[in-house]
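Read the structure below first, then the notes.
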Amino acid sequence: MFLFDSNKFLSDKDSTGQQLQALLSSRSYVLETKLVDLIEQQTHFQIVFNSAKQHLQRVDNLSVRFRSEFKSRIAFLERCHNELVAIEMLRDRLQVAIETIDNYDTRIQRVQIKAKRNEKTESEKKQITWKARLISGIMAILIIIWLLVTAVIA
């Protein structure tokens, strides 16, 4: 049968207790170092998280600013486009006005040419009528003189 040796049991118990104590202390040390590492990693992750959060907030703020900036730029470009369309319409109207003025210039030149021709013909008529009056006056004097001469002779 099995005999129970109390000394051996106590010594085994003490050695087992010491082994367990050594094992517990070594495991405790390992766990503490792991805990310190985990705390350091948590701190590092917290820093990275805060940095990422700040970066995302900056990006969001920039995004909002860029969106409003792009809206204002797009509105500016639309105004410029509308002004360009208005300028093109004014150019077309100006071209029509220039053509109308050219037509008026052509008409004025024609009227001036006709006026010069009329003036020339009027001056020629005046010269002809002046010459005709002179000739008719001279003939009237000659007829009167002839009548006087024929009356004195007869």
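The values are calculated or read from the model by the stated rules, or taken from the named source; none is laboratory data. Not measured: the values here are computed from a predicted model. All accessible areas refer to the heavy atoms of the entire protein, side chains included, with ligands and DNA or RNA removed. Shrake-Rupley method; radii C 1.70, N 1.55, O 1.52, S 1.80 Å.
In nm², what is the average projected area of the convex hull enclosing the Cα atoms of the chain?
Details: hull surface 85.9 nm².
Average of the hull's projected areas for the chain equals 21.5 nm².
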For segment 6-154, what is the accessible area per residue in Å² when the probe is 1.4 Å? 95
Accessible surface of the chain [probe 1.4 Å, protein heavy atoms]: carbon and sulfur percent: 64
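What value, in deg cm²/dmol to 500, does the helix sum -39500 (n - 2.57) over DSSP H runs of n ≥ 4 give at 222 nm once divided by the residues of the chain? All intermediate terms of the calculation are to be shown ahead of the outcome.
Working: 1 runs with 148 residues, N = 154.
-37500 deg cm²/dmol, from helical runs alone.
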Under the Karplus relation with 6.51, -1.76 and 1.60 and θ = phi - 60°, whole-Hz ³J(HN,Hα) for segment 63-73, x at Gly and Pro, equal 4, 5, 4, 5, 4, 5, 5, 5, 4, 5, 5
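When the chain is fully extended, how far beyond the present Cα-Cα distance does I39 get from L147, taking 0.36 nm per residue of separation? Intermediate values should be presented prior to the final figure.
Numbers: separation 108, 0.36 × 108 = 38.88 nm, distance 15.56 nm.
Contour length minus Cα-Cα distance gives 23.3 nm.
Across all directions of projection, what mean area in square nanometres is found for the Cα convex hull of segment 40-129?
Working: hull surface 34.1 nm².
If you wrap the Cα atoms of segment 40-129 in a convex hull and average its projections, you get 8.5 nm².
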In Hz, Karplus ³J(HN,Hα) per residue of segment 122-139 (6.51, -1.76, 1.60; θ = phi - 60°; x = Gly, Pro): 5, 5, 5, 4, 5, 5, 5, 5, 5, 5, 5, 5, 4, 5, 5, x, 5, 5
GNM on the chain, C-alpha springs below 10 Å: top fluctuator among L56, L24, L90? L24
Would you look at the GNM of the chain, springs on alpha carbons closer than 10 Å, and say which of T100, T16, T43 moves the most? T16
